[in-house]
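To start, the structure itself, in structure tokens.
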Amino acid sequence: MAGACCKYPVSLSVFKRSLSVAPRGCGSAPRSLLPCWRVGERALQEAARPSSALRPACFYRHTASLCLSYQESMSDSLRTCYLYLNQTSRSFAAVIQALDGELRHAVCIFYLVLRALDTVEDDMTIPLDKKVPMLNDFHTYLYQDDWCFTESHEKDRQVLADFPTISLEFRNLAKEYRDVISDICHRMGVGMAEFLEKKVGTMKEWDLYCHYVAGLVGIGLSQLFSASLLEDPEVGSDTELANSMGLFLQKTNIIRDYLEDMHEARVFWPQEAWSQFAGRLEDLAQPEKLESALSCLNLLVTDALRHVPDVIAYLSRLRNQTVFNFCAIPQVMAIATLLACYNNPMVFQGVVKIRKGQAVTLMMEATSMRAVQTIIAQYSQEILQKVSHTDPSRDKTLCILALIREKSALSQSNLPTRTPHLSPMYLSAAMLLAALSWQYLSTTEAQKQVTGDMQG
């Protein structure tokens, strides 16, 4: 129930983010609130699996000792927040921790606040007459010491049950961070409430939906980057570019997960697109509809690709190395995923994902603007080679690919100089190594707490 509550017990398990959302009336709910993390997180989980070439024992010991030292310097409530971060975002918690200074804490709390909001939205056991006011008012709970919600049945319910710990650390942040997080939480809650019983019909509505659940995350993160003074003010003030960063990731998620969403009775492909090729969205999975299905798929991939020039412009402004890595890795993962999806029947028949080795290579290489532009140009060229002469979207696809190649090939003489404390390659390697180390340490911490509770 909402109101004062005690601490929520820490679970031994490391929760995996659930995206299962049942349909609401005539519409569908947002499939994921945090795509800015989600695309990279899936790749990090793949890359973090055992591989002898990436697992020297001395690096494990060094990374583990750094994580322990860092944990010991935090307050109990902040340490709990990082534990929740690891439980709800898994491997990508390591990437958040790679950020510099106080920005690290601000992004951690931003993530948890939005995860709590998302958990309310996802929980189908909460009646609409109760859920809508909660979504609209959620930003006000940040300033209520004791507000929590203990009636959720979602996997990530601990962020609601122990929301007082999260809101405490939110209030401990500097005002410039609090203002950003509260504003984005408010706008996102209102947007989520709007789409509770609303279909994604037109392409403009698809953009609006993706803005609410992803573009606002990109805008909020950008404003946090600027507030930290690690990035210039224009990074946070140019909301159009920041919005495109989020839309590119979210559309990639939606395109890739067609079959998974169909199995869960979720509809996220815009009707304006699929109605050109089928009477019902689920018909695209029928073998006899394959040609129409691929045409619809390629139309949506083309629409997603139109955000890439903005992605290039956004990344070229970043000066801090840890911020650049944080932003660039999900974007190169996304364009690699779109290449895998484009004109691929497997989108309608199974699972489409990039290979583990490819994910590792991208994470290790995407540490400079020159490298990112090279990666984008390479994958754009490979998409170009897959464009069929008979595809209905061919002209639009060729046009946006030409623009992407032009943006990727522009003179790089004015690229900003970044300020890494460590080499970019080391930072990328550290992200991979820290992912396993942080998960190990958090699990150990949870086991100690449970053991202590049993002994008590």
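The values are calculated or read from the model by the stated rules, or taken from the named source; none is laboratory data. Just so it is clear, the structure is predicted and the values come from calculations on it, not from any experiment. When we count neighbours, we look across all protein chains shown, and the Cβ atoms used for this are built from the backbone with ideal geometry, even at glycine. The area values use the complete protein model at the heavy-atom level, side chains included, leaving out ligands, DNA and RNA. Shrake-Rupley method; radii C 1.70, N 1.55, O 1.52, S 1.80 Å.
Based on this model, can you work out whether GLY215 counts as among the small types (Gly, Ala, Ser), within 17 Å of ASP310 (Cβ to Cβ) and either at pLDDT 95 or above or open to solvent by less than 10 Å² (accessible area, probe 1.4 Å) (or both)? It is true that GLY215 is among the small types (Gly, Ala, Ser), within 17 Å of ASP310 (Cβ to Cβ) and either at pLDDT 95 or above or open to solvent by less than 10 Å² (accessible area, probe 1.4 Å) (or both). Of all the numbered requirements in (1) of a type in the set (Ser, Thr, Tyr); (2) surrounded by 14 or more Cβ atoms within 10 Å (Cβ to Cβ); (3) at pLDDT below 95, SER411 misses one, and that requirement is (2). For the range 120-152, a residue qualifies if it is open to solvent by 20 Å² or more (accessible area, probe 1.4 Å), part of a loop (DSSP other than H, G, I, E, B) and more than 23 Å from THR80 (Cβ to Cβ), and the qualifying residues are MET124, THR125, PRO127. For the residues VAL347, VAL360, VAL351, the requirement of being of a type in the set (Val, Ile, Thr), in contact (Cβ under 8 Å) with a residue 60 or more places away in the chain and open to solvent by 60 Å² or more (accessible area, probe 1.4 Å) singles out VAL351. On the basis of being under 20 Å from PHE110 (Cα atoms), open to solvent by less than 10 Å² (accessible area, probe 1.4 Å) and touching an Asp or Glu at 6+ places or on another chain (Cβ under 9 Å), does PHE268 make the cut? Spelling it out, it is not the case that PHE268 is under 20 Å from PHE110 (Cα atoms), open to solvent by less than 10 Å² (accessible area, probe 1.4 Å) and touching an Asp or Glu at 6+ places or on another chain (Cβ under 9 Å). Within the range 240-251, at least one residue is modelled with pLDDT of 95 or more, surrounded by fewer than 19 Cβ atoms within 10 Å (Cβ to Cβ) and either under 17 Å from the mean Cα position of the chain (by Cα) or farther than 15 Å from ASP303 by Cα (or both). When the residues of the range 153-171 are filtered to those that are open to solvent by 20 Å² or more (accessible area, probe 1.4 Å) and modelled with pLDDT of 95 or more, the one that is farthest from SER237 (Cα to Cα) is PRO164.
The residue list MET188, MET192 contains one member that is in contact with an Asp or Glu (Cβ under 6 Å, 6 or more places away or on another chain) and either among the polar types (S, T, N, Q) or crowded, with 23+ Cβ neighbours inside 10 Å (or both), which is MET192. SER228 fulfils the conditions (1) more than 17 Å from VAL311 (Cα to Cα); (2) modelled with pLDDT of 95 or more; (3) of a type outside the set (A, V, I, L, M); (4) open to solvent by 40 Å² or more (accessible area, probe 1.4 Å) except for a single criterion, (4).
Going by the conditions given, is ILE254 free of Cβ contacts under 8 Å to residues at least 40 places away in the same chain, within 17 Å of the chain's Cα centre (by Cα) and assigned to a helix (DSSP H, G or I)? In short, no.
Among the residues in the range 282-303, are any assigned to a helix (DSSP H, G or I), small (Gly, Ala, Ser), without any contact (Cβ under 8 Å) to a residue 60 or more places away in the chain and open to solvent by 30 Å² or more (accessible area, probe 1.4 Å)? Yes: the range 282-303 contains one or more residues that are assigned to a helix (DSSP H, G or I), small (Gly, Ala, Ser), without any contact (Cβ under 8 Å) to a residue 60 or more places away in the chain and open to solvent by 30 Å² or more (accessible area, probe 1.4 Å). Residues that are among the small types (Gly, Ala, Ser), under 30 Å from GLU406 (Cα atoms), touching a residue at least 24 places away in the same chain (Cβ under 8 Å) and surrounded by fewer than 24 Cβ atoms within 10 Å (Cβ to Cβ): does the range 325-335 have at least one? Scanning the range 325-335, I find no residue that is among the small types (Gly, Ala, Ser), under 30 Å from GLU406 (Cα atoms), touching a residue at least 24 places away in the same chain (Cβ under 8 Å) and surrounded by fewer than 24 Cβ atoms within 10 Å (Cβ to Cβ), so the answer is no.
Given the structure, is ALA265 part of a helix (DSSP H, G or I) and small (Gly, Ala, Ser)?
Values: part of a helix (DSSP H, G or I): no; small (Gly, Ala, Ser): yes.
Spelling it out, it is not the case that ALA265 is part of a helix (DSSP H, G or I) and small (Gly, Ala, Ser).
Does the range 110-119 include one or more residues that are surrounded by fewer than 21 Cβ atoms within 10 Å (Cβ to Cβ) and out of contact with any helix residue (DSSP H, G or I) (no Cβ under 6 Å at 6 or more places or on another chain)? No, that holds for no residue.
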